[in-house]
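A.B. asks: Quick one: the structure is below, questions incoming.
The values are calculated or read from the model by the stated rules, or taken from the named source; none is laboratory data. Only a predicted model underlies this, so the values are computations on that prediction, with no experimental measurement involved. All Cβ positions, glycine included, derive from the backbone under ideal geometry; neighbour counts span all protein chains shown.
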Amino acid sequence: MDHEESELPEDFEDFSHLSNEDELDFLAKQMLKPNVGVIKDIPTEDKGDEDTLAIIDDSMSSMKIFDKLAQINQLVDHSIVAELIKLGKSVAHMRMKGHSSLNSAKPSQVKRTWDRLKENNELKTYVGTGWIFGSERKVLMTNNHVLPLPEAAETATIHFDYLKDFRTGKKTTKKLMRLAPEKLFFTSPVLSQGGLDYTVVALEEVAEEEYGFLEYDGDHTAKDANRIYVPQHPRGRTKTYVFHNNFKVNQSDDYVTYTSDTEGGSSGSPLFDEKMRLIGIHHVGNYRDTPEGSWSRMNTNLGSRIEVVLRNLADQLIEEEWTEDQIKEWFGEGSVLRMFNE
C-alpha cells in the first residue's frame with residue numbers, strides 16, 4: 001500500500017506544498033543540533049597513502065583545498081551509482097518528537113528532561129535518517145540525538161522509499177513503519193557526553209525483503225576509504241546521494257571525518273566507502289578545529305566508525321546477558337554475533 005503525504009499523522013506539518021528553498025528555511029529552524037563541543041578535542045591521525053587519500057587533509061587552507069578539488073576527475077561509474085541506489089533502499093526518512101535540549105542533557109537526566117518537555121507541551125517534530133541493520137531486517141539504526149530514549153522512538157514514523165517524482169515533483173512514501181522500543185532498544189549517548197551517538201531499535205514488523213539490509217563485513221575499516229558516500233534525507237527532503245567532493249579527510253580510533261555534503265536531518269545516515277562497504281554512521285556537520293599555529297582549518301563532517309559502534313553494541317548485549325540465539329533472532333549471524341563471541 002502506498003502512503004501519500006496526506007496519510008501522515010495529523011500533528012505533522014506537511015511540507016509537500018513548499019518549494020525546496022522554502023522547505024529548507026522552515027526546517028532549518030527545527031533541525032536537531034547536537035552539542036559539538038567535545039568533538040573539538042578528538043585527535044585525528046593517519047593521513048593515509050600519499051597516492052590516494054592525501055589529496056586533502058584537515059589542516060589545509062580553503063583556497064588550497066579548492067585548487068586540489070578542481071583538479072579531480074568527477075566521473076562516477078554506473079556500477080557505483082547502481083549499487084549505492086540498491087543499498088539506499090535500506091535507508092529511511094524519520095519523523096519524531098524531540099527537543100534540542102535533550103542533546104545537552106546528561107544521560108541520567110534525559111528521561112526527566114523528556115517528561116518535563118512533554119508535560120509542558122514543548123516537544124516538536126524533528127527529522128532524521130535511519131537504516132535497516134542486520135540480515136533479519138528487524139532493527140533500525142540511527143543516532144542517539146535522533147532517538148535518545150524509547151519514548152522518542154514511540155513517536156517516530158519511518159518512511160521507506162520517500163522519493164520525489166522527477167517529472168511532477170510529487171513526494172510520496174511507499175512504505176510507512178513504526179518502531180517497537182519495548183522489544184529492543186540499545187543506545188550510546190551523544191558525543192558531547194562521551195558516547196558514540198547511536199541507537200538501535202526494533203521495527204514494529206520485519207521490513208520487507210525489497211528494502212534489504214546493511215551489514216558490516218568485518219574485513220575493512222575507515223582507514224581503507226578514500227571517498228565516503230552518504231545516502232540521506234537532508235532536512236527532511238526526499239532521498240539524496242552525494243557523488244562529488246566526497247572525500248575522507250581523516251580518522252581517529254573511534255571517528256572518521258569527510259567532506260561529503262550533509263545537512264540537518266541527515267543525522268543517522270550510513271557511510272560507505274568507494275567499494276560500497278559500510279564503514280560508519282554520520283553524526284554532525286561543521287566539525288571545525290583550529291590547531292595552535294594555524295590560521296585556518298577546513299570544515300568537515302564527522303561520524304563514528306561502524307566497527308566501534310558494533311563493538312559497543314555487542315558489549316551492551318553481553319552486559320544484558322543476551323544469548324547467541326537471541327542475537328541470531330534479532331541481528332542474524334553477522335557482525336554483532338562475531339563480536340559477541342570474540
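A.B. asks: Kindly indicate the residue of the range 263-276 that is among the charged types (D, E, K, R) and farther than 21 Å from M94 by Cα and also surrounded by the fewest Cβ atoms within 10 Å (Cβ to Cβ) among those meeting that condition.
C.D. replies: K275
A.B. asks: Could you pull out the residue among W330, W322 that is at pLDDT 95 or above, in a helix (DSSP H, G or I) and not small (G, A, S)?
C.D. replies: Criteria check complete, one pass: W330.
A.B. asks: Condition first: assigned to a helix (DSSP H, G or I) and either modelled with pLDDT under 90 or buried (at least 18 other Cβ atoms within 10 Å of the Cβ) (or both). Now tell me which residues in the range 52-79 satisfy that.
C.D. replies: Hits for the range 52-79 are L53, A54, I55, S62, M63, K64, I65, F66, D67, K68, L69, A70.
A.B. asks: Something else about it: For residues in the range 221-262 being of a type in the set (A, V, I, L, M) and under 15 Å from the mean Cα position of the chain (by Cα), which is surrounded by the fewest Cβ atoms within 10 Å (Cβ to Cβ)?
C.D. replies: V242
A.B. asks: Quick one: how many residues across the range 275-302 are over 23 Å from G218 (Cα atoms) and either at pLDDT 90 or above or acidic (D, E) (or both)?
C.D. replies: Selection size over the range 275-302: 2.
A.B. asks: Would you mind telling me which numbered condition in (1) closer than 24 Å to L271 by Cβ; (2) in a strand (DSSP E or B) R178 fails?
C.D. replies: The single condition R178 does not satisfy is (1).
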